[in-house]
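Take a look at the structure set out below.
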Amino acid sequence: MLYPKVNNYRNLLSLDGIWKFKCDFETENIKPEHSLTDYEYMAVPGSFNDQTLDLKVRQHSGYFWYETDFNLPKSFFDERIVLRFGSVTHEAWVYVNGKEVCHHKGGFTPFEVEINDFVLSGKNRLTVKVSNILDYTSLPVGNYSEYKDDSGKLIRKVDENFDFFNYAGIHRPVKIYTTPRDYIDDITISYDIDLEAKVADVRTKVAINGDFDEIKIEILDQDDKLVACSSVEETNIRIEEVNLWEPLNAYLYTARVSLIKSEQVIDVYEEEFGVRTIEVKDAEFLINGKLFYFKGFGKHEDTYVNGRGLNEAYNVLDLKLMKKMGANSFRTSHYPYSEEMMRLCDKEGIVVIDEIPAVGLILNFGFNVATGNEGENTWVELKTKEMHEQVIKELIGRDKNHACVVMWSLSNEAADFIDGSLEYYKPLFELAKSLDPQKRPCTNVLIGYSNPETTKNAELFDVICLNRYYGWYGLTGDLEQAEKFTREDLQSWVDKYPDKPIMYTEYGADTINGMHSAYNEPFSEEYQMNYYKMNSKVFDEFDNFVGEQLWNFADFQTKFGIQRVMGNRKGVFTRERQPKMAATYLSERWNSMPDFGYKG
Ligand code: BDP
C-alpha cells in the first residue's frame, strides 16, 4: 500500500486536528446521519484516553464516536478522491455525510476508501464509530466480558491479555488524497545483488488500475540523479556501483514510476527504497554479507497525553537516543508502528524487526510471566487465525519495500508449548514467506518458560528469539543464580538448534528512577545495571548469539496491577526519556561493540 504523497498528479489534504468525540455508553441511539451532540474535543491523531479528565471516558470499553467537517477544493472533484486512515484502534466504521463508506478491523494498519460518490462541494461531515473491544477473535487478544450494573445497564469490559494499556482512538494521520482515474495502485520492489561486483538488479512490480499505454521506471540516486531506467515492468534494472543501505549508514534510492497514456504522463509515484541483502545461515545473521549483531530495544508507541497516537517528535528523539547509546535496532513490539516511524528508520539506518499485533495468544497471561499453567486448549479456544492472516497480509503489504525491515515477527509470547501451535503457525509462516518479495526471515518471540524441549514450533523460526527474565520474575534479586540459569538455558538452545542464530528480544528489570541501593536491591537503578552486566557477560560467551534487544526502551503505561507501579518501569529511560543508570552502562558497552563482526 502506497504512502500518500503530493506531486503534479496527486493532491493531499490533512484532516488531522481537533475533532468532536463522544463515548457511546449505549444509553442513547447515536446515528451517523446526525451531528454529534454533547461531545468533547479530541486531538487527532492521538489516543482519547489521556486527553480526557473523565475517568469513565478514560477507562471506557466499547464504542465511541469521532466527527469532523471538511471542504474539498474544486480541483479534487475531477480526480479519484481517497479517504485514508493511518490506523484506527481497534475497529472502525466510517461514514461520509451519514453514509457508511468502509469498515476496518485491526488497530495498527492503514486502510482507505474511494469517496467520490459520497462527497459534496461545500461542507462534508466525516463520522467514525470506533470500538476498542478485544476478544479471542482479535489481535491483540483480549479477555472480553459483559455484565449488567445495578440499573440494568450493559457494561462491557476488556481485560488486556498483554502488558500495555489498551489505548484507543484515531491513532495515526487521517488524509484525503487524490489520484488520476487511471492510477498507480501499488509498487513492489525486490532485487538481486552481487556484493562483490557492486551491482544490483532491481525489479519494480507496479499494480495499475485503469488504462495506460506505457510505463516508465526511473531509478534516482540520493542526489536525484538518474542512474537507470526502463519502460518494461518487472524487468531487471541494473544499478552499477550500487550504494548499499547499511545499518546506521542509510542510502536510499527512489523508483520514480510514470504512467503514460496517449503520449502524456498521467500519474507519477516516487517510492524510496534501500538496497541491502539479508541472509540467515550457519547460525549467523548477515546483512550485506557481513555478520550483524543486534543492539537495541523492544519499544512501545507510548508517550504522555498522546498515548499510542503518533508522536513524531518522540520518534525523532527516540532514534537519536538509540544512536547515542550505540544501538542499531529495535523491534516494533507488539504491533506495527506508524508508517512515519518506518520511513524515519529507513532514513536513519535503524534496523527493525517488524512485529504484527499477535500478542496475548496465551490464555493465562499475567504480569508474572514466570507462571505457566496454560492448560491444553489454547489453540482450540483462540479464534484468531483469520485475523492473524489479515494482519500478516496488511503489514507485509505496507512495509515490504522498507530497507529497515530485516525480519518479520509473527507473534510475541504465544503458547508455543501447547499442542496445536505448530499446526496453527506453519501456514502463517508459509503465508508470510510467500507474500514477502524480499524473502526476509521470519520468527516468533518466545516466552521465558518455553524451552527447547517444550516448544512445538521453533523449527519454523529462522532466528530463535528469546524473552528472558532470570533475576527478575524468577530468582528475583539473585544475579548469581540468574547467571547460571541464563547460561544453561542458552546452552540448551545452542545444543538443540546449532544452526540457528539466537538472540534476546526481551530481558529487563523494573526500576524506579531515583531509587538507589547499596545492597543491589531489585527496583534500584544499581540492580537494573548489574542485571544487564550479568546478561552481557553470558551473551559474550556464545558464538551463535547474534543480538541483544532489551526490555524496554522507556517506561510505559499498562493496565492496573500490583506488579506495576503506574505502568511498567523496565525502561532504561523514563517515560520522559531521562536515562537511568543502566543506560550509561549499556551506552559504554554498545558504543564499544561493532555493528558487524562482533562475534568473529
Ligand atoms: C513479556 C512481554 C512484554 C512485557 C514484559 C514484562 O512480552 O509485553 O511487558 O514481559 O513483563 O511478557 O515487562
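The values are calculated or read from the model by the stated rules, or taken from the named source; none is laboratory data. Since we're looking at a predicted model, the values are computed, not measured. Quick reminder, even Gly has a Cβ in these numbers, built from the backbone with ideal geometry, and neighbours come from all protein chains shown. For accessibility, only protein heavy atoms count, side chains too; no ligands or nucleic acids. Shrake-Rupley method; radii C 1.70, N 1.55, O 1.52, S 1.80 Å.
Probe radius 1.4 Å, ligands and nucleic acids ignored: give me the carbon and sulfur share of the accessible area of the chain as a rounded percent. The partial results should precede the final answer.
Numbers: 11070 of 23180 Å².
In the chain, the share of accessible area belonging to carbon and sulfur is 48 percent.
For Glu218, what charge total do you get from the other residues with a beta carbon under 10 Å from its beta carbon, if Lys and Arg give +1 and Asp and Glu give -1?
Taking every other residue near Glu218 into account, the sum is +1.
Taking only protein heavy atoms and a 1.4 Å probe, what accessible area per residue, in Å², does the stretch 11-179 have with all protein chains in place?
Details: 6820 Å² over 169 residues.
Accessible area per residue, the stretch 11-179: 40 Å².
Hey, what's the stretch 183-274 come to in accessible area per residue, 1.4 Å probe, Å²? The partial results should precede the final answer.
Details: 4550 Å² over 92 residues.
With the other protein chains kept in place, the stretch 183-274 gives 49 Å² per residue.
With both partners inside the chain, how many of the DSSP beta bridges are antiparallel, as a percent to the nearest 5?
On the way: 99 of 130 bridges.
So the antiparallel bridges amount to about 75 percent of the total.
Calculate, axis by axis, the spread of Cα positions in the stretch 328-445 along the three principal axes, and write the results as whole Å, longest axis first.
45, 31, 19
What length, rounded to one decimal in nm, is gained on full extension from Asp186 through to Tyr251, with 0.36 nm per residue of separation minus their alpha-carbon distance?
On the way: separation 65, 0.36 × 65 = 23.40 nm, distance 2.23 nm.
Difference between extended and current length: 21.2 nm.
How big, on average over all directions, is the shadow cast by the Cα convex hull of the stretch 207-299, in nm²? Let's see the in-between values first.
Details: hull surface 35.8 nm².
If I average the Cα hull's projected area over directions, I get 8.9 nm².
Looking at the square roots a ≥ b ≥ c of the eigenvalues of the Cα gyration tensor of the chain, which shape do they give, rounded for a/c under 1.5, prolate if a/b is larger than b/c, or oblate?
Details: a/c = 1.81, a/b = 1.15, b/c = 1.58.
Verdict is oblate for the chain.
Keeping to pairs on different chains or 8 or more places apart, tell me how many lysine pairs in the stretch 11-179 have Cα atoms under 15 Å apart.
Lysine pairs meeting the criterion: 14.
List, largest first, the extents of the alpha carbons of the stretch 35-84 along their principal axes, each in whole Å.
Largest to smallest, the principal-axis extents are 46, 21, 18 Å.
Hey, what's the stretch 328-445 come to in accessible area per residue, 1.4 Å probe, Å²? Write down the numbers at each step before the final one.
On the way: 3300 Å² over 118 residues.
Per-residue accessible area for the stretch 328-445 comes out at 28 Å².
Can you give me the distance in nm between label points at Asp78 and Asp223, each placed 7 Å from the Cα along the Cα-to-Cβ direction?
3.8 nm
I'd like the distance between the alpha-carbon centres of the stretch 561-599 and the stretch 419-464, rounded to an integer number of Å.
About 28 Å separates the Cα centre of the stretch 561-599 from the one of the stretch 419-464.
Let me confirm the definition first: pairs of Lys residues in the stretch 469-600, 8 or more apart or on different chains, C-alpha distance under 14 Å. How many are there?
So the count of such lysine pairs works out to 4.
By its C-alpha gyration tensor, with a ≥ b ≥ c as the square roots of the eigenvalues, how is the stretch 479-597 shaped: rounded for a/c under 1.5, else prolate for a/b larger than b/c, else oblate?
Verdict is prolate for the stretch 479-597.
Would the stretch 11-179 count as rounded, prolate or oblate if I go by the C-alpha gyration tensor, calling it rounded below 1.5 in a/c and otherwise prolate when a/b exceeds b/c, oblate otherwise?
Working: a/c = 2.15, a/b = 1.70, b/c = 1.26.
Taking the square roots of the gyration eigenvalues as a ≥ b ≥ c, the stretch 11-179 is prolate.
Compute the distance in nm between two label points, each set 7 Å from the Cα along the Cα-to-Cβ direction, one at Asn520 and one at Asn451.
Reported label-point gap for Asn520 and Asn451 is 2.4 nm.
Which length gain, in nm to one decimal place, applies between Tyr41 and Glu234 when the Cα-Cα distance is subtracted from 0.36 nm times their residue separation?
Details: separation 193, 0.36 × 193 = 69.48 nm, distance 4.82 nm.
64.7 nm is the gain from fully extending Tyr41 to Glu234.
Restricting to DSSP H runs of at least four residues, report the calculated mean residue ellipticity at 222 nm for the chain, -39500 (n - 2.57) per run over all residues, nearest 500 deg cm²/dmol. Write out the running numbers ahead of the final one.
Numbers: 9 runs with 105 residues, N = 600.
Taking each H run of at least 4 residues, the total per residue is -5500 deg cm²/dmol.
Multiply the residue separation of Asn209 and Arg487 by 0.36 nm, subtract the distance between their alpha-carbon atoms, and state the gained length in nm to one decimal. Don't skip to the end; give the middle numbers.
Details: separation 278, 0.36 × 278 = 100.08 nm, distance 5.59 nm.
Contour length minus the Cα-Cα distance gives 94.5 nm.
Place a label point 7 angstrom from the Cα of Arg58 along the Cα-to-Cβ direction, then list the residues of the stretch 116-156 whose backbone nitrogen is under 20 Å away.
132-133, 156
Under 5 Å between amide hydrogens, which residues at least 5 positions from Glu413 or on another chain qualify, with H placed 1.01 Å from N in the peptide plane?
For Glu413, the qualifying residues are Val445, Leu446, Ile447.
If I ignore ligands, DNA and RNA and count only protein heavy atoms, how much of Met515 is accessible to a 1.4 Å probe, in Å² to the nearest 10?
90 Å²
Could you grab the relative contact order for the chain? Cα pairs under 8 Å, six or more apart, rounded to a whole percent.
13 percent
Measuring from label point to label point, each 7 Å out along Cα→Cβ, what is the Lys148 to Asp495 span in nm?
5.9 nm
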